[in-house]
Each structure stands twice: as structure tokens, then as C-alpha cells.
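The structure under discussion appears below in the form of C-alpha cells.
Throughout, read-outs are computed from the coordinates displayed, never taken from laboratory work. What you are looking at is a predicted structure, and each value in this text was computed from that prediction instead of being measured. We place every Cβ from the backbone using ideal geometry, glycine too, and count neighbours over all the protein chains shown.
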């Protein structure tokens, strides 16, 4: 995961400007805006800092933003206004490994966060073991009663996929397209390609593991039951193309 995002770097901001990504951002912000006020938040896979900045503007007391890519973190840092810099800490670490907690800014921070936010992080787990480690880090981060909010693909869509089937052919005009290129343990390997960015078009690969795999991994890590919330927007044509494919996962630390 690190190598492909290092190559993308700040161009990820251009990808975030695509229509489909703006739709996703709007839905995510509606969801987060209700609960981030005065919260101490750990953000996993912050990339170039879009949600980092937005959560600070919505009143989060502090955001610790972590990404595996050394090219992404500097791009995220420059998005933060000077007056908010005391309310954010950026770290470069592998969020899927327990060694994340050895990073200097994370050492001793287990159990101190009100929320964990992870947008497009779980879908980089290639195996059951890897997604279990991801959930373990989230569990370790949260205070008792703390909340996890994650953005990933909608589980029923995962369960219905077949190799070589396009996941979202109707999204092409909104800026991105997915394909299924292989079956892996408990799910599918997927490439995503941007459309319409010209020489800046980007492509990266990730994995969609099935709902049962998510639920089992979360339980083994000590998390409470996962609650899957499908993304719905007000406009019918956007619902048809987007809400089928995306879900928020919410869980509370026991």
C-alpha cells in the first residue's frame, strides 16, 4: 500500500476533486458533523488530510492523523491553518501493524481517543489476519465507549461480485471506475482508475473483504458489533449509482 500511494502523492487531491469523491465527502461530513465536536480523534489512513482539516473545522479538540505514505503526510500538513496546528499531530506509520504504537507521537496513547475515523482504510486489508490487526489497533486506541467510524464498500455488493464484473460502470462519468480482477481470501482484489484527469489520472489496487470477514475480525479484536449504514443522498440518480456501493461502518468499544 505504501509504494502505490507514495507514487500518487499530492495528486491524490486531484482525485478527491472528482464528482464521485465529492459525493462521498458530502455524505461522510454529514455523518461526522453530528459527533466530532470536542472529540479527541485518531484518524487512520489520513492521506492528504481532507478529513483531518474538516474535522478540525467542525470542532474536534484534537486529531492525530496517521498514514503509511511519507508522500501523503506532508501534503496533509500544509492544509492545516496556522491557528489550528496546535490541535493536530501527524504521524507516518503502518496503521495495519501493532508497531504503529511505537511511533513517537503514538507511544503511550492507547485508550485515549474518543473516536477513530478510517476512510478507505479497511479496504486495503488483503487477508483476514490483516483486517483483524486493523481492528485491533482501533480497539486499542479507543476509550471505553469510544466510537469507530469507517468508510468502505457496501458489504452486499462485495458478496455479489464475480471476477471480471465491473463494480460501478455507471460511475465513469462521475470520475472513477472499479473492476474485479481476482478472488482473494474472503473477498476480491480490485483496481480503481480515475477518469478525466488527463496526464494526472491515477490507479491503485485494494481489496473488498466480505461482511462476515469484517464482523469476525472486529469481534476477535474486542470491538462491539459492527453497524453497516449505506450511503444515501437526496437525488435519486445519485442514489442509484453511489449508495449501492458505499457504506459507513460504526462500532462502539465495549
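Using the Cβ-Cβ distance between residue 26 and residue 252 with R0 = 35 Å, the FRET efficiency computed as 1/(1 + (r/R0)^6) comes to roughly 0.90. For segment 17-129, what class follows from the C-alpha gyration tensor (a ≥ b ≥ c being the square roots of its eigenvalues): rounded when a/c is under 1.5, otherwise prolate if a/b is larger than b/c, else oblate? Cα axes put segment 17-129 in the rounded bin. Counted by neighbouring Cβ atoms within 10 Å, the residues 128, 107 run from fewest to most as 107, 128.
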